[in-house]
């Protein structure tokens, strides 16, 4: 009879070989810029990277984000070689999204939601980068952040990352359905919904015990609870209608920030992806509302 340890080693060897071949094949698959356009919509990239003016050039940067630490400005991510990301390689882009570091190794401030984007798969990142490279280059210079002392020191971000940042792509829950896992990926990674809908501690890190339970948004405004506690009175059909048109069951309209998310992101999702998002939100543990301060 064959040695069981030998059989186990053989299975491990062939499993590793298969994984290596699969990874090589994935790396050799040409990136799909058209699919990347959809991913950019699902990620709401145009919102943070476009100045809030009617004549603004999409993705050329300039959007101001006011926070308790100061004001951040979205950078130019068009393929301009000096003002944008035209000189970036695939590796530079993946490192920025996965690790929160620029091509020169500098830490990015987590106002850029890499704590969520780190979960995006390599294949999706390559498709997304391929789409960004199809944009018209724009020479608008990236505006420096205006941060209060001492929050502008990038070297301190190494400690912040050590405390609060776990890099790595999304890992599906083997106990959940494919639809729920797809919804989790869209909400946690591409959609980065927790960046606004999860309250933060005094150092600006999302509170893991209050995932998607609402609270104060980045600009100090109240944002709703997306756990079943906050959505219990909404049917799936009403949620879908809201995500597509922005209309609530009572006929109200959302706040300006959410209206932009609906216009740029949720209304662009395929019916299957929208249903997956709703299915995932239904599986969250219900968390009570915290007292408004």
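Values in this text are rule-based calculations from the coordinates and carry no lab data. Keep in mind that what you see is a predicted model, and the values were worked out from it rather than measured. Using ideal geometry, Cβ is built from the backbone for each residue, glycine included, and neighbour counts are taken over all protein chains shown.
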Cα-based Rg of the chain normalised by 2.2 N^0.38 Å, two decimals:
1.08
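Two-decimal Rg/Rh of region 173-293 from alpha-carbon positions, Kirkwood Rh?
0.94
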Arrange the following residues from fewest to most other Cβ atoms within 10 Å of their Cβ: 273, 127, 148.
148, 273, 127
The Cα radius of gyration of region 31-169, divided by 2.2 N^0.38 Å with N its residue count, comes to 1.02
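Could you check what % of the DSSP bridge pairs in the chain are antiparallel, to the nearest 5? Please report the intermediate quantities before stating the final value.
Working: 10 of 11 bridges.
About 90 percent, rounded to the nearest 5.
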Based only on other Cβ atoms within 10 Å, what is the fewest-to-most ordering of 179, 195?
179, 195
Label point distance in nm, residue 248-residue 148, each placed 7 Å from Cα along Cα→Cβ
3.0 nm
Using every alpha carbon pair in region 224-290, what percent of pairs falls into each 10 Å bin from 0 up to the bin containing the largest distance?
21, 53, 26, 0
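Most exposed first by the Cβ proxy, i.e. fewest other Cβ within 10 Å, how do 221, 175 rank? The partial results should precede the final answer.
Values: 221 11, 175 7.
Fewest-to-most ranking of 221, 175: 175, 221.
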Using a 7 Å offset from the Cα along the Cα-to-Cβ direction at both residue 139 and residue 229, what is the distance between the two label points in nm, to one decimal?
5.4 nm
Report the percentage of all Cα-Cα pairs in region 111-260 whose separation exceeds 18 Å, rounded to a whole percent.
69 percent
Taking region 162-225 on its own, what percent of its Cα-Cα pair distances exceed 15 Å?
57 percent
